[in-house]
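Chemist: Sharing a structure below in structure tokens format, with a few things to ask.
The values are calculated or read from the model by the stated rules, or taken from the named source; none is laboratory data. Every value quoted in this text rests on a predicted model; they were computed, and no experiment measured them. Cβ placement follows ideal geometry from the backbone for every residue including glycine, while neighbour counts extend to all protein chains displayed.
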Amino acid sequence: MTQMKLVIAGVMVLMLSACAASGPRIYTDVDPGADFSQFYTFAFIEDAGKDTEAQYKTLSGQRIEDAISTALEARGYRVDIHNPDILINFHLKTEEKTRTSPPVYMGGYYGYRNGMYVGWPGYVEPGYVDSYTEGTLTVDMVNRATSQMVWEGTAVARVTSALREAPNETIRSAVASIFAQYPYVAGSGVAVPPVQ
């Protein structure tokens, strides 16, 4: 039974490692009526990413702005703080989460022995409680002329100590993952397949 528990624990660790290695979960939404061919320039809204109580831009906020600017400029957009086609906003939040798993009953095994069936009693694999921090970064793109949101991308991931210790790489990676799913380039309304 001890060996079986070790095997199960090993499989669970490998599954969790695979999930962590695959990067954040990305969700996107788009206004199907938006004409992306009219968008060439962008700017950040005045209070982009600011906490309602903060009166200043945080280091994380500046990193996110830099990463978003890099992603958009790579797609041909340019900054225009006076007359942008698109306004950019973003939100970063963390939330404490708890995930639980109920105990799992491992059924008994019946083997053939000396002409009779002998049952091995099953056992219960104990459940677990997993407490962790989940981070969510959302980027909004708004048509400045109509004040209508045209695209939104969100990255959701578990915040580990390794991610906290490398904020520049973490933010660049999260923003790159979001914009890998953004299907347009400046001045074109033809969507291209997202980057896999």
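Chemist: Restricting the search to region 140-165, which residues are over 23 Å from Arg78 (Cβ atoms) and either at pLDDT 75 or above or out of contact with any helix residue (DSSP H, G or I) (no Cβ under 9 Å at 6 or more places or on another chain) (or both)? Before you say what the answer is, go through the steps one by one.
Modeler: Taking region 140-165 as the starting set, the residues that turn out to be over 23 Å from Arg78 (Cβ atoms) are 154-165.
Thr154, Ala155, Val156, Ala157, Arg158, Ser161, Glu165, listed by residue number.
Chemist: Still on this model: Right, Thr41: at pLDDT 95 or above, surrounded by 14 or more Cβ atoms within 10 Å (Cβ to Cβ) and either of a type in the set (S, T, N, Q) or within 21 Å of the chain's Cα centre (by Cα) (or both) or not?
Modeler: yes
Chemist: A further question on this structure: Out of Gly127, Gly135, Gly108, Gly122, report the one residue that is surrounded by 10 or more Cβ atoms within 10 Å (Cβ to Cβ), small (Gly, Ala, Ser), over 18 Å from Ala43 (Cα atoms) and modelled with pLDDT of 75 or more.
Modeler: Testing whether each residue is surrounded by 10 or more Cβ atoms within 10 Å (Cβ to Cβ), small (Gly, Ala, Ser), over 18 Å from Ala43 (Cα atoms) and modelled with pLDDT of 75 or more leaves just Gly135.
Chemist: Go through region 31-42 and report how many residues are of a type outside the set (Asp, Glu) and out of contact with any strand residue (DSSP E or B) (no Cβ under 6 Å at 6 or more places or on another chain).
Modeler: Narrowing region 31-42 to residues of a type outside the set (Asp, Glu): 32-34, 36-42.
From the residues that got through so far, the ones that are out of contact with any strand residue (DSSP E or B) (no Cβ under 6 Å at 6 or more places or on another chain) too are 32-33, 36-38, 40.
The total comes to 6.
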